[in-house]
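**Q** One structure follows; several queries about it will come next.
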Amino acid sequence: MKIKLLTCLLVAGLFSLQQVAAQNYIVIEDFEDPDGVTIPINNMTDGSVDDEDAFTVVENPAPDDVNSSSQVLQYLRAHDGNVWGGFWSIPWDPLEMDEMKYTHYHVWKPRITPVKFKIEGSDDTDDMEHESIDEQTIVEGWEHMAFHFPDAEGSYPVIAVMPDFIEPVDLDENILIYIDNIILSDSPEDPTAVSAELDELPVQLALRQNYPNPFNPATRITFELNHPQHVTLNVYNIQGQHITTLVDGERAAGQHDVTFDAGNLASGMYLYRLETPQRTITRAMTLIK
């Protein structure tokens, strides 16, 4: 199956590049936005389940040690759907895979079937599709799935997440599957399991979720530096227009807190972006008046 590229509104820089110990990773989507905003989700089921009903952001139905996230993506898998049932997406930024050649996601399923991930290239890169490195072994529990693309080079603007790839589909009724934490990294290890050990590791470059969030009219933004360096912290609206600069200059290693006052702004989603010579991290926040 060839997924067609569609034109969509892209918001640059929503990926959050982080480094924990020796692992670099980019969060493509974690479904944690309080307004339910996610990368574009395009249904591939072609069954009796309507597109608008197939995928919904919901509370994690079964938090555990593998995935304790608050929100996840619920997938209503049609019993008469395609063998490649799942979704395809044009993320906010293409996947750059010259150095990062692993993708990941967490999955919760009521049956054991092959789990796949597909990346689609531009004019100068080939499409690639792989099953998970390790087979699924858990039913009705969260499991980490990693996918290796050793031959990937360059930019891949389209992804496809296929958590239930089997022919025939062989279902008598629709089933629920849950998906979370879609990530690109340079290691097969679960990046979310590594990040849980942050308190035991030396301070790395980090941009924390603002608090409170949602907020009105002010919120605190915290970032951490592992060495002295020049940083800028800017705020943008969802269209990518610059709102204000909160930090622009040299800062010492350690934790820094900045207050953002949005008293003169309209309700809605805003992006805050930390830029250093090595890395850029962007997060979303919501103003409610």
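**Q** Quick one: order E29, E173, E189 by neighbouring beta-carbon count within 10 Å, fewest to most.
**A** E173, E189, E29
**Q** If you don't mind, another one. For an R0 of 25 angstrom, estimate the FRET efficiency from the Cβ-Cβ distance between V83 and L176 and round to the nearest 0.05.
**A** Efficiency, from the Cβ-Cβ distance: 0.85.
**Q** Zone of I243 (label point 7 Å along Cα→Cβ, backbone N under 15 Å): which residues in the range 252-289?
**A** 258-274, 282-289
**Q** Could you please tell me the mean projected area of the C-alpha convex hull for the chain, averaged over all directions and given in square nanometres to one decimal?
**A** Mean shadow area of the hull around the Cα atoms is 15.5 nm².
**Q** Could you work out [θ]222 nm for the chain from helices alone, using -39500 (n - 2.57) per DSSP H run of at least four and dividing by all its residues? Round to the nearest 500 deg cm²/dmol.
**A** -500 deg cm²/dmol
**Q** Further question on the same structure: Nearest 0.05, what FRET efficiency do H230 and E129 give at R0 = 35 Å with Cβ-Cβ as r?
**A** FRET efficiency, H230 to E129: 0.25.
**Q** Please tell me the relative contact order of the chain in percent, rounded to the nearest whole number, where contacts are Cα pairs under 8 Å and at least six residues apart.
**A** It rounds to 20 percent for the chain.
**Q** For the range 16-195, what is the charge dipole size about the Cα centre, in debye to the nearest 20, if Lys and Arg each add +1 at the Cβ and Asp and Glu each add -1 at the Cβ?
**A** With only Lys, Arg, Asp and Glu charged at Cβ, the dipole is about 300 debye.
**Q** Just to be sure I understand the model, the point goes 7 Å from the Cα along the line to the Cβ. What's the resulting K289 to D64 distance in nm?
**A** 4.6 nm
**Q** While we're on this one: First obtain the Kirkwood hydrodynamic radius of the range 202-287 from its Cα pairs, then insert it into the Stokes-Einstein equation at 20 °C and 1.002 mPa s, and state the resulting D in µm² per second as a whole number.
**A** After rounding, the answer is 164 µm²/s.
Where a number appears in this text, it was derived from the coordinates with a stated rule and is not lab data. These figures come from a predicted structure and were not determined experimentally. Cβ sites come from the backbone with ideal geometry, for glycine too, and all protein chains shown count toward neighbours.
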